[in-house]
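Worksheet for the structure shown next.
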């Protein structure tokens, strides 16, 4: 069957021989529906991302737990392999430890063997620890001093502790006691447990309590940042000069020209007492400076 051409169809329509009403009443063919699943929606993308994050977190938690278990097992095995406490075969029981215990008081004049060890036999090690604190304070100060303008980010105190009927009287009583106790620990470090690190920490706690109750203004009027840095620098300078003179004289470093004095008296142990004071100043000023940075919102 041949299909009529377009001109013949037009002629039939013009002469009324072609009825197009049936063609117009026919519904157009439906277009095939697109595969929606092939184009993911943003919500599905977000779901896939969340599932990936959950899988990563689950894997991270598993690996972290395994790592903790392995490290704990290694530490327990190492502790189990250590010699018993007080055993003669322990690596620490050697001629150096025996020298500290047997002749420490005679050679250093310190009743506290630990103070004689860290401030006489191993004084340079303690000097390095003090320099670590000083370097940390200087680095934080330099990093925070990025411009000449001081930015106070901290909100004003809601509670005025200085006018509190309970806090203020108690702090007036406690702060002097804390400071006196810190000075006692600092000055008696060669006679009893204590010394520069513990005494300086106690002094810093008393100063922090003072700043917390009476505010930054009263604390800054007593202890300005420049003054604190000067105290730390002078303390470290004295420590260096006191323990480095042997490099200039060419003498034995462990030998001191200062007499150890009578063990048990406050003015004894040679340079250990002033070195304890120097270390205490460094620790106190560093801890107090860091606290003030946190309090002012600059850290």
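Read the figures in this text as sums done on the coordinates, not as results from a lab. In this text, all values refer to a predicted model and were calculated from it rather than measured experimentally. Backbone-built Cβ (ideal geometry, glycine too); neighbour counts: all protein chains shown.
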Which of 231, 222 has the fewest other C-beta atoms within 10 Å, and how do the rest follow up to the most? 222, 231
Students often check this: by mean Cβ neighbours within 10 Å, which of 160-173, 276-289 ranks highest, and how do the rest follow? 276-289, 160-173
